[in-house]
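One structure below.
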2 protein chains.
Amino acid sequence: MKPASRNPDYKYRVEVCFQPGQYPLYSQDMGIVVVIDILRATSAMVTAFEHGAEKIIPVGTIEEARQYIGRSGYIAAAERDGEVVEGFPFGNSPIAFAQADIEGKTIVMTTTNGTRAINLAQGAKQLVIGSFLNMTALSNWLITQNENVLLLCSGWKDKFNLEDSVFAGAVMDKLLESGKFGLEEDSSIAAKYLFMAARDNFMSILKAAPRRRRIEKLKLNEDVKYCLTPDQSSIIPILREGVLVPMEVEVPKD
Amino acid sequence: MKPASRNPDYKYRVEVCFQPGQYPLYSQDMGIVVVIDILRATSAMVTAFEHGAEKIIPVGTIEEARQYIGRSGYIAAAERDGEVVEGFPFGNSPIAFAQADIEGKTIVMTTTNGTRAINLAQGAKQLVIGSFLNMTALSNWLITQNENVLLLCSGWKDKFNLEDSVFAGAVMDKLLESGKFGLEEDSSIAAKYLFMAARDNFMSILKAAPRRRRIEKLKLNEDVKYCLTPDQSSIIPILREGVLVPMEVEVPKD
């Protein structure tokens, strides 16, 4: 194990928090919080904006979301335990959003892990949404912001989760490379090593995870493959007064 | 990243819990809990038994431990934030225990992280103490026990900690190799990959950790090197009615 690349002269910190429940332990002095729920809430949010959604209102409970079922201009989306909640037209499938007519609509969404993490961190100075789909756009934008960055993994029911952590390691890697960022936390070093182990094949992450059986049972293979494919969007969802709106950023050509 | 080695026909589970606060999420159906606090509580406990201590009473507060200062037959040990608490003859330095006359004594110990993890998990069917010092003896014993095993990392003030997680990955690796064990949790897969990244040089783990500065400041380098050196003992501390006692096991020769 080589030492994590660190720049002793760094100006800003980039850190990883593995579970929403630990957010208070890591949130101090963090200017930007990136909420990550690769499977599938934050991937679905990026996809929804990529397909023309105007706003996304993240809500904590199914009851709040249910009030918007059938209301003109709104789409109600609710997921629990990986499945669409009964009575709702959408859950958290990004492919379902990609295939629907959502142009100009406001999506009201509640999910098992992702919207909970957003609600926990909504007091942050800035809160943005990360996924493999907008990975490069997000990383480049973070590098320009002159703020400490906390990568907040949504996990699975407050447990550690591999795909969120590997993605956090991928973003961390880009930020460290810029020379502007350093890290202090053991969790951040671990995320970087997990990314290094997984970098050649993101899909392989889930091959190692017994949780894959749940994914297969719920017929989510296509969604999962989509969610693990980097750089399909240059939109960064950002929270403004409790509502997510799309922020389009320029991705420099290599 | 290659898939974690898994045996579909395994009989028992071995899982890793990264922080004491998450213990209730991982404790179900676990027959044996291994408490891990590499730097330095569980390393100190193994060392104390190796040097003849008769019992160790883990206590939660400094006040409880303080009652034993100067009492005949007892040694009071208290550590907070890496330092010996004022008024106590010992903290959690294994080398200090190795150099003292502790033959036949009862040690009453409170530490920042390790004794807290022990107290949280004291309801487990069996609770044992793990460290690099007794790694092989512990792993071999676990393989013979016919129980699910939870590797409980003490972490640092309820945050994820690298050395505890890497050690958990090392034990997990041995248990998976036996063919009797499998895993279900993402945290367990991650611990295994962290161990694989660190296996060639355990000391390098801490070279990567900015926390090293604290270790240098407190002049703990010698202690740390000692704590990361595997297989110096074949004693497994085990909890009996709230008190840790030494269980000596045979280590088969390679």
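Let me know the whole percent of all Cα-Cα pairs from the range A:51-143 that are separated by more than 19 Å. Mind showing how you got there, number by number?
On the way: 1891 of 4278 pairs.
Cα-Cα pairs in the range A:51-143 separated by more than 19 Å: 44 percent.
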Once you've got the GNM for chain A with C-alpha springs shorter than 10 Å, pick whichever of A:GLU54, A:GLU163, A:GLU63 has the biggest mean-square fluctuation.
A:GLU63
Lys/Arg +1, Asp/Glu -1 at C-beta; the range A:13-127 dipole; positive extreme among A:PHE18, A:VAL108, A:MET30
A:MET30
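Quick one: which of A:LYS105/A:LYS225; A:LYS11/A:LYS174; A:LYS174/A:LYS225 span more than 20 angstrom between C-alpha atoms? Write out the running numbers ahead of the final one.
Details: A:LYS105/A:LYS225 26 Å; A:LYS11/A:LYS174 15 Å; A:LYS174/A:LYS225 22 Å.
Checking Cα-Cα distances, A:LYS105/A:LYS225; A:LYS174/A:LYS225 exceed 20 Å.
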How many nanometers, to one decimal and shortest first, lie between the label point of A:ASN201 and those of its other copies, if labels sit 7 Å from Cα toward Cβ?
2.9
Please report the spacing between the Cα centers of the range B:125-147 and the range A:222-238 in Å, no decimals.
43
On a 0 to 90 degree scale, rounded to 10, what angle separates helix B:41-50 from the longest Cα axis of chain B?
70
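Assuming R0 = 22 Å, can you tell me the calculated FRET efficiency for the pair A:TYR10 and A:THR144, based on Cβ-Cβ distance, to the nearest 0.05? Present the calculation step by step, with values, prior to reporting the outcome.
On the way: r = 15 Å, r/R0 = 0.70.
E between A:TYR10 and A:THR144, to the nearest 0.05, is 0.90.
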If every Lys and Arg gets +1 and every Asp and Glu gets -1 at its Cβ, then about the Cα centre the protein assembly as shown yields a dipole, in debye to the nearest 20, of 200
Taking springs between alpha-carbon atoms closer than 10 angstrom, which of A:THR229, A:THR112, A:THR47 fluctuates most in the Gaussian network model of chain A?
A:THR229
Placing +1 on each Lys and Arg Cβ and -1 on each Asp and Glu Cβ in chain A, then taking the dipole about the Cα centre, the residue among A:VAL171, A:ASN148, A:ALA137 whose Cα reaches farthest towards the positive end is A:VAL171
Counting sequence-distant residues (5 or more places) and residues on other chains, those with an amide H built under 5 Å from that of B:THR110 are B:VAL59, B:ALA77, B:ALA78, B:GLU79
Return one number: the angle in degrees, 0 to 90 and rounded to the nearest 10, between the long axis of the Cα atoms of helix A:162-177 and the longest principal axis of the Cα atoms of chain A.
50
With the label 7 angstrom out along Cα to Cβ, how close does B:VAL245 come to the same site in each of the other copies, in nm, nearest first?
6.9
Calculated [θ] (222 nm, deg cm²/dmol) that DSSP helices of n ≥ 4 give over chain B, each run adding -39,500 (n - 2.57)
-9500 deg cm²/dmol
Net charge of Cβ neighbours under 13 Å - reference B:ILE236; Lys, Arg +1; Asp, Glu -1
-3
Computed magnitude of the charge dipole of chain B (debye, nearest 20; Cβ of K, R +1, Cβ of D, E -1):
500
So, in nm, how far is label A:SER178 from label A:GLN67 when the simple model puts each one 7 Å beyond its Cα toward the Cβ?
3.8
Largest fluctuation, B:ASN221, B:ASN148, B:ASN161 only, Gaussian network model of chain B with Cα springs under 10 angstrom, belongs to B:ASN221
Give me the log10 of I(q) over I(0) for the protein assembly as shown at q = 0.07, 0.11 Å⁻¹, as the Debye formula computes it from C-alpha points; what are the numbers?
-0.40, -0.91
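Laboratory data are not the source of any read-out in this text; all were calculated from the coordinates shown. Predicted, not measured: the structure shown is a model, and the values here were computed from it. Note: ideal-geometry Cβ built from the backbone for every residue, glycine included; neighbour counts use all protein chains shown.
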